[in-house]
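Data block below; observations after.
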Amino acid sequence: MAIQPDILASTLRILKDREVDNTFKNIPLLDAIRSHGAVIESDGGSKVNCPAIMTEHSMITQLSSGYESVNLAVKDPLRQTEYNWCDFVAPVVITEKEQLTNKGDRAVINIAEARLKSVMGMLQREFCKQVVNNESTVLSELQTLSPFSSTGWFGCQPFGSQTGLVGNLNKAVYTETFQNQYIDCPSAFPDETDHAVRLFRAMSKLYIDSQVYAPEGEVDIILMSPRCYELYKNSLFAQERYTSIQEQRDMAGKLGLMFNGAKVYVDPNLGAKFTDSSSGNTSPELAVAAQDMNGSDIEFGSSANKYSTDGSDVENFHGTIDAMFLNSKLMSLYFDRDAYFEMGEFERISGYAAMAANIMTRTQLATANLSGHGILVNAFATINS
């Protein structure tokens, strides 16, 4: 006798909660956001509205005699950012043949559990691809940090000169609060030929700049391209500091490095982005050719019009995003409380000898401020003038 659909669904709901927990643990940024209590379940609505921290609330009046008049002028420190929801559904499918072949409820549940793990694993990969590199085709409505997207949070221009809309806020208007920190390694340190030394100098500057402008918190997550991570790791030698054993447990067993208290992770979605100046298209294949993982540098010559040292022309920008410095206290992950990985009942699929249960999710990533985040670009580039 086949397992009853309601029994299978109720069992998988329990297993699903565990897999959702693992999903957060396996994505460092989400784990950090959750640790700050910034995974928010809302009542839905047509949009996600998140308060953005723009400036100070009021002026301070120093009291010397005690009779000074208090400056009651109040600035409006908050603006509402607005984002569209990202809705997606992922089905868990069991065929009649699988139920007949695998006798007993436990055997069928094991199959369904394996399918559930596969679905959640796919969501993890797609989430990271989209948030870091705007490369997901199934979660394309999820917010992305990538500067190579017209809707990406980060800009490939110096702090104070970025444009575009994030959450319906104009970055050009809020120049000191809603623009990310940015450092281009070869243009920031043109006389430094040692890539490792240059990387440390660039990381230090980016960390300090992010700290100075952050309204709260500090950079606590650093994502690096594989080659950049390898350079950073190898350059530490005896000074290398891994996270503690307890931190490693908290990080779901991931081995991490540290930089000024921030956890450093390798992210394969970084370092493989390149813009074709002739068409404006992006292509990971071009990036692999440009940034040879065997150690070749990328050379940009002004005569070839392939490299803008100030990053002023994003359309013709050639290069790689090698690190993202993220302040998780400035970020939130919203869910519709009725679609927080909500698993439905198993139902027969019309026209097929199978049944399926849909996992429905409505979510969106939001930020309260961009100035506490930063990107490091072209860690291996040299300017061929």
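What are the residues in segment 106-134 that are within 17 Å of V89 (Cα to Cα), surrounded by fewer than 21 Cβ atoms within 10 Å (Cβ to Cβ) and free of Cβ contacts under 8 Å to residues at least 24 places away in the same chain, if any?
The answer is R115, S118, G121, R125, E126.
Just to be sure before I move on: is D21 among the acidic types (D, E) and over 30 Å from A262 (Cβ atoms) in the structure I sent?
Criteria not met by D21.
So, in segment 214-230, exactly how many residues are part of a helix (DSSP H, G or I) and surrounded by 20 or more Cβ atoms within 10 Å (Cβ to Cβ)?
Residues flagged as part of a helix (DSSP H, G or I) and surrounded by 20 or more Cβ atoms within 10 Å (Cβ to Cβ) within segment 214-230 amount to 3.
Just to verify a result, which residue in segment 24-44, among those that are touching a strand residue (DSSP E or B) at 6+ places or on another chain (Cβ under 8 Å), small (G, A, S) and not in a strand (DSSP E or B), is nearest to T363 (Cα to Cα)?
G44
Quick one: how many residues across segment 342-385 are in a strand (DSSP E or B) and either of a type in the set (A, V, I, L, M) or touching a residue at least 60 places away in the same chain (Cβ under 8 Å) (or both)?
Here the count works out to 23.
Given the condition hydroxyl-bearing (S, T, Y), under 15 Å from D322 (Cα atoms), modelled with pLDDT of 90 or more and not in a helix (DSSP H, G or I), answer yes or no: does some residue in segment 231-238 qualify? So that I can check it myself, show each step before the final result.
Filtering segment 231-238 for residues hydroxyl-bearing (S, T, Y) gives 232, 235.
After this cut, where a residue has to be under 15 Å from D322 (Cα atoms) as well, the list is 232.
With modelled with pLDDT of 90 or more added as a condition, the list becomes 232.
Right, trim to not in a helix (DSSP H, G or I) and you get none.
Within segment 231-238, not a single residue is hydroxyl-bearing (S, T, Y), under 15 Å from D322 (Cα atoms), modelled with pLDDT of 90 or more and not in a helix (DSSP H, G or I).
Give segment 163-179 a look and list any residue that's at pLDDT below 90 and of a type in the set (S, T, N, Q), or say none.
If the condition is that a residue be at pLDDT below 90 and of a type in the set (S, T, N, Q), then T175, T177 are the ones that fit.
Going residue by residue through segment 23-41, is there one that turns out to be among the polar types (S, T, N, Q), closer than 19 Å to M120 by Cβ and modelled with pLDDT of 90 or more? So that I can check it myself, show each step before the final result.
Kept after step one, since they are among the polar types (S, T, N, Q), are these residues of segment 23-41: 23, 26, 35.
Now drop any that are not closer than 19 Å to M120 by Cβ, which leaves 23, 26.
Pick out the ones that are also modelled with pLDDT of 90 or more and you get 23, 26.
Yes, because at least one residue in segment 23-41 is among the polar types (S, T, N, Q), closer than 19 Å to M120 by Cβ and modelled with pLDDT of 90 or more.
Out of all the residues in segment 151-162, is one or more over 20 Å from A379 (Cβ atoms) and within 15 Å of the chain's Cα centre (by Cα)? Before you say what the answer is, go through the steps one by one.
As a first pass, look at segment 151-162 and keep what is over 20 Å from A379 (Cβ atoms): 151, 153, 160-162.
Then keep just the ones that are within 15 Å of the chain's Cα centre (by Cα); that gives 151, 153.
Yes, segment 151-162 has at least one match.
Write out, first by first residue and then by second, each pair whose Cβ atoms fall under 6 Å of each other, whose residues are 6+ apart or on separate chains, and whose first residue, in segment 35-54, is closer than 24 Å to Y213 by Cβ while the second is surrounded by 15 or more Cβ atoms within 10 Å (Cβ to Cβ) and β-branched (V, I, T).
C50/T81; A52/T81; M54/T177
Within segment 76-95, restricting attention to residues that are surrounded by 14 or more Cβ atoms within 10 Å (Cβ to Cβ) and not in a strand (DSSP E or B), which residue is modelled with the lowest pLDDT?
If we take residues in segment 76-95 being surrounded by 14 or more Cβ atoms within 10 Å (Cβ to Cβ) and not in a strand (DSSP E or B), then P77 is modelled with the lowest pLDDT.
For segment 181-206, which positions are touching a Lys or Arg at 6+ places or on another chain (Cβ under 9 Å) and part of a loop (DSSP other than H, G, I, E, B)?
Selection gives F189, E192.
Given (1) buried (at least 16 other Cβ atoms within 10 Å of the Cβ); (2) small (G, A, S); (3) modelled with pLDDT of 90 or more, where does G256 come up short, assuming only one miss?
Among (1) buried (at least 16 other Cβ atoms within 10 Å of the Cβ); (2) small (G, A, S); (3) modelled with pLDDT of 90 or more, G256 violates only (3).
Take the residues in segment 142-199 that are touching a residue at least 40 places away in the same chain (Cβ under 8 Å) and of a type in the set (G, A, S), then tell me which one is surrounded by the fewest Cβ atoms within 10 Å (Cβ to Cβ).
Ranking the candidates gives S161 first.
Taking Y307 and the conditions (1) hydroxyl-bearing (S, T, Y); (2) in contact with a Phe, Trp or Tyr (Cβ under 6 Å, 6 or more places away or on another chain); (3) at pLDDT 50 or above, which numbered condition does it fall short on, given that it satisfies the others?
(3)
The values are calculated or read from the model by the stated rules, or taken from the named source; none is laboratory data. From a predicted model like this one, the values you see are computed outputs, not experimental measurements. Reconstructed Cβ throughout: ideal geometry from the backbone, glycine too, with neighbour counts over all protein chains shown.
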